[in-house]
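Take a look at the structure below.
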Amino acid sequence: MALIVQKYGGTSVGSVERIQNVARRIAAFKAQGNDVVVVVSAMSGETNRLVALAEALQETPDPREMDVVLATGEQVTIGLLAMALQNIGVPAKSYTGWQVAVKTDSAHTKARIESIDDAAMRADLQAGKVVIVAGFQGIDARGDITTLGRGGSDTSAVALAAALKADECQIYTDVDGVYTTDPRVVPEARRLERITFEEMLELASLGSKVLQIRAVEFAGKYHVRLRVLSSLEEGGEGTLITFEEDGNMERAAVAGIAFDKNQARINVRGVPDKPGIAYQILGAVADANIEVDMIIQNIGAEGTTDFSFTVPRGDYRKALKILEDVQHNIGASEVNSDAGVVKVSIVGLGMRSHVGVASTMFRTLAEENINIQMISTSEIKVSVLIDEKYTELATRVLHTVFGLDKPQA
Ligand code: ADP
Ligand code: ASP
Ligand code: MG
């Protein structure tokens with residue numbers, strides 16, 4: 001008998017019929033003799049609706065109250081799913097994050113899980129019940145409700161699997177696994193049977209929203225066996241995230257392509273070229289808790305330098321405001337910005353043993369007349385910042401040139 005944690009995302013519980021479908025799947029699993037802990041998201045669209053309500057009242061909603069509002073979405077689905085299970089004769093009990101308790105730090109809207117109390121869940125499992133836990137939420141040391149950041153139910157599921165030492169954590173979603181790139185953007189994308197943990201971590205951090213990055217980090221830290229599957233189709237194997245270095249020297253250079261539209265570029269031009277400039281610019285931005293991603297500095301004309309960097313799109317107006325003061329202090333000639341950009345990244349462990357991967361990427365984009373604004377690389381990824389309108393074209397041509405359209409060897 002196995003202990004399985006299953007997570008069902010927003011689309012999978014998006015209507016009463018879908019919730020009944022999920023209940024039937026859980027019942028079948030239970031009937032095979034498994035213990036099941038289920039994590040659910042809010043019904044699709046619900047979290048966006050709640051965000052919009054809060055933002056209608058406050059431009060930057062009070063974080064504590066925002067979490068009080070956001071956590072309601074998941075509370076609805078746990079109750080409904082428990083009812084759907086009871087209707088088909090499966091004893092089930094729902095828990096909010098604080099009832100479990102999933103304890104987090106106090107960073108409202110992006111809290112991190114610190115510990116999980118498994119006593120009540122274990123007692124229910126022992127009594128033959130299906131345990132249903134609200135994803136995306138927890139409670140801090142003050143007793144306040146917290147949420148884990150968008151897509152955070154994935155992290156709730158993996159953290160519960162780690163706490164319960166589950167045999168497998170299954171992430172059920174609206175696609176049947178992890179693909180070479182987002183199948184909604186590139187129809188030629190193919191499902192991967194397996195993907196290494198390192199590659200999945202890069203893809204998640206570079207914008208593939210199929211798994212929240214913290215969920216992948218948790219899986220790595222606690223060696224949780226993690227699988228992504230479809231809640232809408234029957235019987236597929238999905239994609240397994242593997243931890244073993246498989247020693248496959250023949251592997252393709254690129255395993256997958258991610259893109260991230262949550263980017264805006266800021267340029268500070270004509271800055272006197274002297275020590276401390278990067279600190280004066282980026283220090284001020286960091287002090288405002290704005291994350292800086294890609295950075296480049298170029299030698300400009302007559303002893304000046306041009307400095308560009310990217311920030312999350314939602315923060316770029318705030319960053320520009322901060323830079324108004326900085327511009328004056330450092331004597332920069334101009335500050336401008338572009339929020340219509342996307343970061344496209346190729347990811348693969350195979351890059352370690354293939355040469356010329358980056359130049360193939362740059363040539364392929366040049367042939368399509370796509371201008372590269374910024375580049376950043378690591379051992380297993382190359383990212384470029386380009387005009388957002390080329391997202392689909394760039395992803396498609398890169399998918400083809402790196403052999404991802406063809407079935408895996
Ligand atoms: P859920 O609501 O179940 O959490 P999400 O919308 O968060 O689902 O994540 C699933 C979506 O992730 C898919 O519908 C797909 O469009 C997108 N996606 C992005 N990149 C990939 C990828 N490489 N493989 C599979 N899906 C991806
Ligand atoms: N409901 C939350 C969101 O939409 C959490 C999740 O679905 O994982 O971001
Ligand atoms: Mg998700």
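Some notes on this structure:
- Cα extents of the stretch 87-230 along the three principal axes, largest first (Å): 45, 39, 27
- For the stretch 172-310, the equivalent ellipsoid derived from the Cα gyration tensor has semi-axes of 39, 16, 15 Å, listed largest first.
- When shorter helices are ignored and each DSSP H run of at least 4 residues is given -39500 (n - 2.57), the per-residue value for the chain at 222 nm works out to -10500 deg cm²/dmol.
- Considering only ILE88, ALA107, GLN58, and ranking their Cα positions along the charge dipole of the stretch 57-188 that arises from unit charges at the beta-carbon of Lys, Arg, Asp and Glu, the one farthest toward the positive end is ILE88.
- Using alpha-carbon coordinates, inclination of helix 391-401 to the longest axis of the chain, degrees: 90 degrees
- Relative to the longest principal axis of the Cα atoms of the chain, the long axis of helix 153-164 lies at roughly 60 degrees.
- Additional length obtainable on full extension of the chain from ALA31 to HIS223, 0.36 nm per residue less Cα span: 66.4 nm
- At R0 = 22 Å, FRET efficiency that the Cβ-Cβ distance of ASP62 and ALA107 yields, to 0.05: 0.95
- Annotation: the antiparallel percentage among DSSP beta bridges lying fully within the chain is about 60.
- Size descriptor for the chain, Kirkwood hydrodynamic radius: 22.9 Å (Cα pairs only, one decimal).
- Selection from ILE330, GLY236, ILE296, by position along the positive dipole direction of the stretch 235-360 (Cβ): ILE330
- Among the listed pairs LYS221/LYS406; LYS209/LYS406; LYS30/LYS261; LYS221/LYS321, those whose Cα-Cα separation exceeds 31 Å are LYS221/LYS406; LYS30/LYS261; LYS221/LYS321.
- Semi-axis lengths (Å, descending) of the ellipsoid that matches the C-alpha gyration tensor of the stretch 235-337: 39, 17, 12
- Inter-probe distance in nm under a simple model that places probes 7 Å from Cα toward Cβ, at SER353 and ILE299: 4.0 nm
- Entry note: the stretch 1-105 has Rg to Rh equal to 1.04, where both radii use alpha-carbon atoms and Rh is the Kirkwood radius.
- For the chain, the dipole from Cβ point charges (+1 on Lys and Arg, -1 on Asp and Glu) about the Cα centre works out to 720 debye, to the nearest 20.
- Between the C-alpha center of the stretch 108-180 and that of the stretch 336-354 there is a gap of 31 Å.
- At 0.890 mPa s and 25 °C, Stokes diffusion of the stretch 170-234 via Kirkwood alpha-carbon radius, µm² per second: 202 µm²/s
No value in this document is a laboratory result; all are computed from the given coordinates. Keep in mind that what you see is a predicted model, and the values were worked out from it rather than measured. We place every Cβ from the backbone using ideal geometry, glycine too, and count neighbours over all the protein chains shown.
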